[in-house]
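Peer 1: Pasting a structure below so you can have a look.
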Amino acid sequence: MVPRSASVRGVGGYLPPRMVGNDEFAARLDTSDEWIRSHLGIRSRRIAEKESTSDLAVKAGNCALESAGTGVDSLVLATTTPDHPVPASAPAVAARLGLGPVAAFDLNSACSSFVYALAVSASMIVAGLAERVLVIGADTATTLIDPADRLTSVIFGDGAGAVVLEAGDAADAGAVGPFVLGSDGGRGDLLVVPGGGSRQRKDLVPPQDGPFLRMEGRGVFDGAVAGMSATVGKVAAQAGWRPGDIDRLACHQANQRIIDAVGARLGLPPDRLLSNIEHVGNTSAASVPLLLAESSRRGRLAEGQRVVLAAFGAGLAWGAAALRWPGVRAVTEGVADG
Ligand code: COA
């Protein structure tokens, strides 16, 4: 008997309408368009002014369901910025999508949330707990940013992306896996929102740091390059591929220099590295599925290609997945084509 597997059947993405170019930051902070482009590879990003994370998730979820042309029996929402501390946002998203009383929960692993959620969703299918899962990555990371911090202000953007996973055959185009997941909590201080959680009651979190993201940029940069390169190498080996067999690498869009450095370490030519950071910035949990949706719409992904998804972020936590690109038509809203 062929072992049960999970395959991608639909892909969707959504970006909110408000575009913020680098010059808007240069007008009020000690920064410049030149610094942001040369250090990060970002020209603009979208900001959700009037929408919450679940609003973005519903839009991307609808797109992925339309792309798949099927319903689902489970929903996993990968996010670091739920609408409320309690309850999880996934049940509300499921209700607004009209999915009925499906299993629905949030998963938070910061910028690696989507890859973790994909692994958990595929495992639910392989275990027989679900037939079809809507996996959404959605974040309004800009709600965590101190407007006076010139570093984190220019990096992040808001958005959502989603895929529909369905039970299938490991030999199918669309088959996802194996996965490699990992973490190092000993380096958690490199990227942290100190306030707003249960530790606030025990420790005195300095009020100026409280609800905002604090980042030690160089440590994160080095960790991301080393961590993602090693994880991509591992997952490719488990899939039976050499690094050079990877047709497309879909890295978390944290920084163009990180993406380029990971590609160089693996010996991949630049045309195999998918990228959209220039006009979306770092969209956290939305980054990888949004990149897949947009790359598919732009003709940068073709059926049967060997794709590796890789993410790295706060925790520290990281993950990678192998995927044979399916014959799907991605559906997007607010994302420029061509
Ligand atoms: N504009 C201008 N200068 C800025 C700036 C901005 N928006 N943000 C930070 N700087 C300054 C810093 O204050 C620092 O100044 P100092 O040297 O006087 O202390 C200087 O730029 C650091 O620049 P550089 O020495 O060139 O550092 P770098 O090559 O390490 O680049 C980062 C800095 C932050 C771009 C880089 O470390 C990075 O991308 N880190 C990873 C960030 C990331 O991806 N986070 C999300 C992970 S999920």
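Peer 1: What distance in nm lies between label points placed 7 Å from Cα along the C-beta direction at R329 and R201?
Peer 2: 5.3
Peer 1: Report the Cα centroid-to-centroid distance between the stretch 111-165 and the stretch 177-193 in angstrom, as an integer.
Peer 2: One Cα centre to the other: 15 Å.
Peer 1: So, for the chain, what is the accessible surface per residue at a probe of 1.4 Å, expressed in square angstrom?
Peer 2: Spelled out: the 1.4 Å probe surface of the chain, per residue, equals 40 Å².
Peer 1: Largest first and to the nearest Å, give the Cα extent of the stretch 223-338 along each principal axis.
Peer 2: 34, 30, 22
Peer 1: How much of the accessible area of the chain, probe 1.4 Å, is carbon plus sulfur, in whole percent? Don't skip to the end; give the middle numbers.
Peer 2: On the way: 7210 of 13630 Å².
Here it works out to 53 percent.
Peer 1: Please arrange R43, R324 by accessible surface area, largest first, computed with a 1.4 Å probe and ligands excluded.
Peer 2: Values: R43 120, R324 85 Å².
Largest accessible area first, the residues go R43, R324.
Peer 1: Another one. In debye, nearest 20, what is the charge dipole magnitude of the chain about its Cα centre with +1 on Lys and Arg Cβ and -1 on Asp and Glu Cβ, if you could check?
Peer 2: Here the size comes out at about 460 debye.
Peer 1: Got the relative contact order for the chain handy, in percent, Cα pairs under 8 Å and 6 or more residues apart?
Peer 2: Worked out over the chain, it gives 27 percent.
Peer 1: Moving to a separate point now. Contact order normalised by length for the stretch 176-330, with contacts defined as Cα pairs under 8 Å and 6 or more residues apart; what percent is it?
Peer 2: Dividing the mean separation by the residue count of the stretch 176-330 yields 33 percent.
Peer 1: With a Förster radius of 25 Å, plug the Cβ-Cβ distance of D23 and R257 into 1/(1 + (r/R0)^6) and report the FRET value to the nearest 0.05.
Peer 2: Between D23 and R257 the formula returns 0.70.
Peer 1: Tell me, how many Å apart are the Cα centres for the stretch 232-302 and for the stretch 24-81?
Peer 2: If we compute the Cα centre of each part, the gap is 17 Å.
Peer 1: Rounded to the nearest 5, what is the percent of antiparallel bridges among the DSSP beta bridges in the stretch 176-330?
Peer 2: 75
Peer 1: Go through 157-170, 279-292 and give me the packing order, highest mean Cβ count within 10 Å leading. Walk me through the numbers before you get to the answer.
Peer 2: Values: 157-170: 27.4, 279-292: 29.9.
Answer by packing, highest mean first, reads 279-292, 157-170.
Peer 1: Next question, about the same structure. Relative contact order of the stretch 4-169: what whole-number percent is it, with Cα pairs under 8 angstrom and at least 6 residues apart?
Peer 2: 36
Peer 1: Among DSSP beta bridges lying fully in the stretch 4-169, give the percent that are antiparallel, nearest 5.
Peer 2: Working: 23 of 33 bridges.
Rounded to the nearest five, the antiparallel share is 70 percent.
Peer 1: Would you calculate, for the chain, the mean residue ellipticity at 222 nm contributed by helices, counting each DSSP H stretch of 4 or more residues as -39,500 (n - 2.57) and dividing by all residues, to the nearest 500?
Peer 2: Numbers: 11 runs with 109 residues, N = 338.
Computed ellipticity for the chain at 222 nm equals -9500 deg cm²/dmol.
Peer 1: Still on this structure, please answer the following. Can you give the % of DSSP beta bridges in the chain that are antiparallel, to the nearest 5?
Peer 2: Bridges in the chain that DSSP calls antiparallel: roughly 70 percent.
The values are calculated or read from the model by the stated rules, or taken from the named source; none is laboratory data. Worth saying up front: this structure is predicted, and the values here are computed from it rather than measured. Positions of Cβ are generated from backbone atoms using ideal geometry, with glycine treated the same way; all protein chains shown enter the neighbour counts. Accessible surface areas use protein heavy atoms only, side chains included; no ligands, DNA or RNA. Shrake-Rupley method; radii C 1.70, N 1.55, O 1.52, S 1.80 Å.
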